[in-house]
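Engineer: Quick one: this structure, given as C-alpha cells, is what I'll be asking you about.
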Amino acid sequence: MEQYNIMLVEDDRVDRMAFDRSVKENGSLHDYTVANSVAEAKTILNSTGFDAVIADYRLGDGTVFDIFEMGVDAPIIVVTGAGDEETAARAMRVGAYDYLIKDPDNKYLTVLPTTVENVVKRWKSEKELRQYQSMVECAHDVIFFKDLNSRYAIVNDKTAECFGLAREEVVGKDDFELMPDMEEAARNIEDDRVVFTAGKPKEITKRMTTADGTPYWFQAIKVPYFDDDGRITGLVGIARNITDCKHAEDRIKAALREKEVVLMEMHYRVKNDLQVVSSLLNMQAGLASGGDAAAMLSESRDRVNTMVLMHTQLYESGNLVEVNMKEFLEGLARQSFQSYPVTDTRITHTTHITDYPLPVSTAVYVGLILNELLSNVFKHAFAGRTEGGVRVGFDVTEERKASLTVSDDGVGLPAGFDIDTTGSLGLHLVKILAKDQLQGDLAVTCTEGTTFLITFGTEGDYEGVNNHGNDM
C-alpha cells in the first residue's frame, strides 16, 4: 500500500481518541495531521498539501461544506454520526469522494484505510484524465476517436469547428453525414478501413472542402486503438490544416521552376558562346603560320571544349548544380582521343570512373586537369613508339576523399623533372588547379611510364553550391 499524507478534521475528542487508538492497534502506512475545527483546518490547508482530507460533517465552528468552499486540491471523505441520506447526497453533489457513517462500535475505522487508498487512486486517475482532456481541448489540431463503423465517438472543439457544427452534432455520425463532398468522405472512410485492416498507423495528406465549398489542405495521421485484449476497437486521429504551408510550398516551387528555366537558358547560352569561341580558336589555329602558335590555339580550344562538354551535360540532364562525374569524365576522355591527331602511334585507353556527383565548381577543375594531363600524354609520352596505353581513373572513398589518376606506359618524364619548376603551361595549370582550387595533393611517379595522382576532399563541396555552383 502506498503511503499518503492525510488530514483528519474532527472536533469530537472521543472520536479523535478512537481514531488514534485504531491507528496504533492496526498500524498505518499513512501520515496523519489532525485539526480540531474548521478554522484550524483552513489554516493548515492554506500552507500544506494533502493527498486526502477526512472531515466530520458537523464541526464546532461550521460544517464540512465550509472546507469544500476552500476548493481544496485533494479528495474529501465525509464521516458523520448524525447524517442522513439527504446529507450524504448533498455532500457527494458538492464533491465528496466517499461518505462513511460512524457507528457505536467504530467499525467504520477498520474500512477507513482501504477507503482512503481507493479514493486517492480514483482522484489521481481522474485528475490525470482531466489533464489529458484539457490538453486535447486546448490543442490547435483536430483530435478525434472513431469506432469500427467510422463514426465519431469522441471529438474536440477543433474537430467540430472543421465541420461547422457543435460537438454533440458530430458525435455518432460518419463522414458521409458530415462532409459535403461524398468522394472525399468515401476516401476518408477507406483510409479508416486500411488502418483497421493493417493495424498500423497511416499518414495522409489530402485536399478537402469546407461546408461552404472552400478548398483546404489537411495533413493527418490515423492510429489504430487496441483494447486490453489486443483487439482493434477504433482509431485515434490527429489532423492539421496545412493550407497556408501548402500555398507557401507552391509559391516556392513556382519560384524554383522559374529559376530553373533561367539557369537552363543560361547554361544553353554559355554552351553556345563557348562553342563559338572554340570554333574561332579552331579557325585561327588553321590559319596560323607557325606550328607552335597553332598548337597553343588548339590547346586553348580543347580547354574551352572541356567547359562546353560540362555545360552540355548540365543542360541535357536538367541538374543545374552538380555533374555526374562518370558521364562527364568518360565523355571528356573520348573527346580528347578524338581531337588529338596521333597518327603514327596506336594508343589504347581504359577508364574506370566511379559514378559520383560533384558540384559544378569542383567538376570543371577536375575536367580541366584531365584535359591537360591527356594532352601532355598525347604530345610527349609515346614519342618514337608505335603503340602505348593510357589509363584514366576516378574514385571516391567512404571518407569522401576523391582521387583522379592518369597513367601511361610511355617514355616517362625527363630526368630531374620538377612539377614546381616546370616550364610547361599545361602542367603548371594542373598544379594550380589541384593545389589552389581543389585544395588537394598532387603526386607524380615515373615507374614504367608516368602516373599523375590528384587527391582532394569532397566534404565541403556543397557548402557553397548556392553561391557559386553555376559560375562556370
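The values are calculated or read from the model by the stated rules, or taken from the named source; none is laboratory data. All values derive from a computational prediction rather than experimental measurement. FYI the Cβ positions are ideal-geometry reconstructions off the backbone, even for glycines, and counts take in every protein chain you see.
Engineer: Is it the case that Asp105 is touching a residue at least 12 places away in the same chain (Cβ under 8 Å) and loosely packed, with under 12 Cβ neighbours inside 10 Å? Give the derivation first.
Structural biologist: Numbers: touching a residue at least 12 places away in the same chain (Cβ under 8 Å): no; loosely packed, with under 12 Cβ neighbours inside 10 Å: yes.
Against the criterion (touching a residue at least 12 places away in the same chain (Cβ under 8 Å) and loosely packed, with under 12 Cβ neighbours inside 10 Å), Asp105 does not qualify.
Engineer: Right, here's the next one. State which residue is modelled with the highest pLDDT when the search covers only the stretch 51-80 and only residues that are touching a Gly at 6+ places or on another chain (Cβ under 9 Å) and assigned to a strand (DSSP E or B).
Structural biologist: Here the answer is Ile76.
Engineer: Let me ask something additional. Name every residue in the stretch 346-375 that is in contact with a Phe, Trp or Tyr (Cβ under 7 Å, 6 or more places away or on another chain) and part of a loop (DSSP other than H, G, I, E, B), in order of residue number.
Structural biologist: Correct list: Thr354 only.
Engineer: Suppose we keep only residues that are assigned to a loop (DSSP other than H, G, I, E, B) and among the polar types (S, T, N, Q) within the stretch 205-241. Which one would you say is surrounded by the most Cβ atoms within 10 Å (Cβ to Cβ)?
Structural biologist: First pass over the stretch 205-241, keeping only residues assigned to a loop (DSSP other than H, G, I, E, B): 210-214, 227-231.
Narrowing the set further to residues that are among the polar types (S, T, N, Q) leaves 210, 214.
Working: Thr210: 14, Thr214: 9.
Out of the qualifying residues, it is Thr210.
Engineer: Mind telling me which of the residues Phe144, Phe176 ends up being of a type in the set (Phe, Trp, Tyr) and outside any helix (DSSP H, G or I)?
Structural biologist: Working: Phe176 fails: outside any helix (DSSP H, G or I).
After ruling out the rest, the residue left standing is Phe144.
Engineer: Also, quick follow-up: Yes or no: the stretch 187-196 includes at least one residue that is out of contact with any strand residue (DSSP E or B) (no Cβ under 8 Å at 6 or more places or on another chain), surrounded by 14 or more Cβ atoms within 10 Å (Cβ to Cβ) and among the hydrophobic types (A, V, I, L, M, F, W, C).
Structural biologist: To start, the set of residues in the stretch 187-196 that are out of contact with any strand residue (DSSP E or B) (no Cβ under 8 Å at 6 or more places or on another chain) comprises 188-190, 193.
So of that shortlist, the ones also surrounded by 14 or more Cβ atoms within 10 Å (Cβ to Cβ) come out as 188-189.
Then keep just the ones that are among the hydrophobic types (A, V, I, L, M, F, W, C); that gives 189.
Looking for residues that are out of contact with any strand residue (DSSP E or B) (no Cβ under 8 Å at 6 or more places or on another chain), surrounded by 14 or more Cβ atoms within 10 Å (Cβ to Cβ) and among the hydrophobic types (A, V, I, L, M, F, W, C), one finds at least one in the stretch 187-196, hence yes.
Engineer: Tell me yes or no: at least one residue of the stretch 84-102 is surrounded by 15 or more Cβ atoms within 10 Å (Cβ to Cβ), within 21 Å of Val120 (Cα to Cα), of a type in the set (Ser, Thr, Tyr) and out of contact with any Ser or Thr (no Cβ under 7 Å at 6 or more places or on another chain).
Structural biologist: Yes: the stretch 84-102 contains one or more residues that are surrounded by 15 or more Cβ atoms within 10 Å (Cβ to Cβ), within 21 Å of Val120 (Cα to Cα), of a type in the set (Ser, Thr, Tyr) and out of contact with any Ser or Thr (no Cβ under 7 Å at 6 or more places or on another chain).
Engineer: Search the stretch 414-428 for residues being of a type in the set (A, V, I, L, M) and closer than 16 Å to Thr450 by Cβ, and hand back the single one that is surrounded by the most Cβ atoms within 10 Å (Cβ to Cβ). Steps first, please.
Structural biologist: As a first pass, look at the stretch 414-428 and keep what is of a type in the set (A, V, I, L, M): 415, 419, 425, 427.
Now narrow it down to the ones that are closer than 16 Å to Thr450 by Cβ: 415, 419, 427.
Details: Ala415: 6, Ile419: 17, Leu427: 20.
So, considering only residues that are of a type in the set (A, V, I, L, M) and closer than 16 Å to Thr450 by Cβ, the one surrounded by the most Cβ atoms within 10 Å (Cβ to Cβ) is Leu427.
Engineer: Moving to a separate point now. Here is a check on your reading of the model: is Phe378 part of a strand (DSSP E or B) and crowded, with 17+ Cβ neighbours inside 10 Å? Talk me through it step by step, then tell me what you get.
Structural biologist: Values: part of a strand (DSSP E or B): no; crowded, with 17+ Cβ neighbours inside 10 Å: yes.
No; evaluated as a whole, the condition is false for this residue.
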